[in-house]
1. In whole Å, what is the distance between the alpha-carbon centres of region 178-209 and region 76-155?
2. Have a look at 187, 133, 174 and report the one farthest towards the positive end of the charge dipole of region 80-215, computed about the Cα centre with Cβ charges (Lys/Arg +1, Asp/Glu -1).
3. Given the DSSP H assignment, sum -39500 (n - 2.57) over each helix run of at least 4 residues in the chain and divide by its residue total; what's the result at 222 nm in deg cm²/dmol, nearest 500?
4. As an exercise, use a Förster radius of 41 Å and the Cβ-Cβ distance of residue 1 and residue 214 to find the FRET efficiency, rounded to the nearest 0.05.
5. Distance in nm between label sites at residue 59 and residue 175, each 7 Å beyond Cα in the beta-carbon direction?
6. Calculate the dipole size of the chain relative to its Cα centre from +1 charges on Lys and Arg beta carbons and -1 charges on Asp and Glu beta carbons; express the result in debye to the nearest 20.
7. What helices does the chain have that are whole DSSP H segments, at least 20 Å long along their own axis by Cα, and with mean Kyte-Doolittle hydropathy of -1.0 or more?
8. Positive end of the charge dipole of region 18-161 (Lys, Arg +1 and Asp, Glu -1 on Cβ, about the Cα centre): tell me which of 115, 145, 66 has its Cα farthest that way.
Amino acid sequence: DVPIRAARVRRLLGLLLLQRGRVVSIDRLVDEVWDNDPPDSALAALRVHVSRLRKMLAAAGLDNILVTRPTGYLIEVPEDCVDADRFERAVTSARSLVDAGEDRKAVEVFRTALQLWHGAALTGIATSTYVAGEAARLEDAPLTALEDCIGAEIGSGHARDVLGELEALTVEHPLRERLWSLRMLALYRAGRQAEALDCYQTLRRQLDDELGLEPSPEIARLHQEILAQRVGD
């Protein structure tokens with residue numbers, strides 16, 4: 001661990017890692033690090049921040065990964081050096097297993113990938129529009145993967161095992177329809193049809209109260225299939 005206390009040095013590192021392997025122009029770094037309002041001294045200050053960051057990385061045994069180019073800077077890191085990259089590769093592998101009908105194996109790969117996440121993405125540096133957008137994308141990725149994982153759990157015949165997790169997730173994300181559809185499906189597969197139907201009504205009320213919307217056609221179709229006891233037919 002290398003503590004980086006200076007906020008702008010953290011921003012600089014975050015920006016370079018988001019564009020890892022690609023040159024980030026000096027002009028863009030200046031705009032991003034100073035929130036599109038750089039002082040006259042920003043260019044000189046940027047060079048100081050780059051020098052400090054390079055020394056910190058060298059002290060951690062990461063010599064020569066921060067590279068200077070005529071138009072800017074880049075960070076060159078090995079493939080397995082960034083957790084987000086490892087996560088995305090594992091999730092891609094897990095989804096391929098689902099497509100191949102290997103739901104149980106997929107669950108194991110999903111769960112291993114999800115263990116790479118600790119806390120929020122880009123904490124403390126998501127100030128610019130670009131970084132905030134990347135943070136939102138990264139934040140959504142593990143939740144989407146978790147949905148896929150739970151779907152694979154249900155598909156492998158373990159619907160009862162995910163009911164508690166789904167109940168907590170729908171409380172935490174009350175308007176996320178896929179979580180509700182998974183909860184409905186898990187309840188139905190667990191022989192609890194009435195509770196599955198109640199979930200749909202709860203979602204419908206919440207969507208109406210919060211957004212003035214009706215449930216999507218996909219989840220409405222699932223509701224009708226549960227009513228008719230024809231899910232998956």
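Each reported figure results from applying straightforward, stated rules to the coordinates on display, with no laboratory input. Quick caveat, the model's predicted, so the values are computed rather than measured. Glycine gets a Cβ as well: all are built from the backbone with ideal geometry, and neighbour counts include every protein chain shown.
1. Region 178-209 and region 76-155 have Cα centres separated by 25 Å.
2. 187
3. So the calculated ellipticity at 222 nm is -20500 deg cm²/dmol.
4. 0.25
5. 4.5 nm
6. The dipole magnitude comes to about 780 debye.
7. Long hydrophobic helices here: 42-59, 83-99, 129-155, 193-211.
8. Checking the options against the dipole of region 18-161, the answer is 66.
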